[in-house]
Amino acid sequence: QVQFVESGGGVVQPGGSLRLSCQASINIFSFYTGEWHRQAPGKQRELVAQITSGGSTKYAESVKGRFTISGNNAKNTVYLQMNNLQPEDTAVYFCRSAATDDWGQGTQVTVSP
């Protein structure tokens, strides 16, 4: 079982920025795709961004141009830089590896005037 610990969430105003971090308990992101997902109240969990072990990235249309996923394999960590945040980005953000069914506890992001 792999443990993922997310951090960096908080409350920001529209247009603000946050950087989320996700540390895995093992060296998994060197070999498998890392993912960030989010779940807003009353909605299904959705995939926000992915980064392969080789560094290729993919984003949901709703966050393209605003969010950037990156990784530091030496630290078993993936990041999500979120700029120009909007109220619709409010959600609990989770990370995982595509290789497992394990999830972290999530970190709350709230965008409010």
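Each value in this text was obtained by applying a stated rule to the coordinates, not by laboratory testing. This one's a predicted model, so the numbers in the text were calculated from it and none came from an experiment. Every residue, glycine among them, receives a Cβ derived from its backbone with ideal geometry; neighbour counts consider all protein chains shown.
Before moving on, here are some points about what is shown:
- Dimensions (Å) - the chain, Cα atoms, principal axes, largest first: 39, 25, 22
- For the pair Thr57 and Ser25, the difference between a 0.36 nm per residue extended length and the Cα-Cα distance amounts to 9.3 nm.
- The trypsin sites (Lys or Arg not before Pro) of the stretch 1-107 that meet both conditions, a loop assignment by DSSP and at most 15 other Cβ atoms within 10 Å of the site Cβ, are Lys43, Arg45, Lys64, Arg66.
- Cα-based convex hull, the stretch 52-101, per residue volume (Å³, whole number): 102
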